[in-house]
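Only one structure is covered here, and it is reproduced in the block below.
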Amino acid sequence: MLRFDPFSDVDALARGLMTGSATGTKRTPRFMPLDLYKVDDHYMLVADLPGADPGSIDVDVDHGVLTLSAQRSAPSDDGVQWLTSERFSGTYRRQLTLGEGIDSAAITANYDNGVLTVTIPLAERAKPRKIAVESSGSSQAITTGTG
């Protein structure tokens, strides 16, 4: 089970107010957009990391916290006269708190075409299961009165 961190939005707002811009600067990314959904016995986390250096992408689990980080290098400014600069560069980072029912040893990640996909499986003990109902072996008829 994944838990929502209500303070992450407050932290992001506070960082934006302290730096004077809630939407980021010309060269610093402010967020890593992601989708999180459950399919059968696992969660899927899909994060947009366009232009991230593949070797810089790091997925780490430590004490129930999943941390995603990546670096996008800035182009060289040598001899360049910028007319507009809207593409971010720098470090992206997101953290999610994992619940007790996650198999953190089996988490896998794949980066393809600017999208990081992380598969987060449920632990065996957290998966739903069917409980067999046994009978005592003797049949008991149930009668109803018609009268």
What residues have an amide H closer than 5 Å to that of I102, excluding those fewer than 5 places away on the same chain, when H is modeled at 1.01 Å from N in the peptide plane? A123
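In the P(r) worked out for segment 31-132, what percent of Cα pairs fall beyond 23 Å?
On the way: 1957 of 5151 pairs.
Of all Cα-Cα pairs in segment 31-132, 38 percent lie more than 23 Å apart.
Ranking D112, D48 by Cβ neighbours within 10 Å, fewest first, what do you get? Spell out each step's value before the answer.
Numbers: D112 8, D48 14.
Ranking D112, D48 by Cβ neighbours within 10 Å, fewest first, gives D112, D48.
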Dimensions in Å of segment 67-118 - Rg and Dmax from alpha carbons: 16.9, 54
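Read-outs: derived from the displayed coordinates by stated rules, not from any lab. None of these values were measured; they are calculated from a predicted model. As a convention, Cβ positions derive from the backbone with ideal geometry for all residues, glycine included, and neighbour counts pool all protein chains shown.
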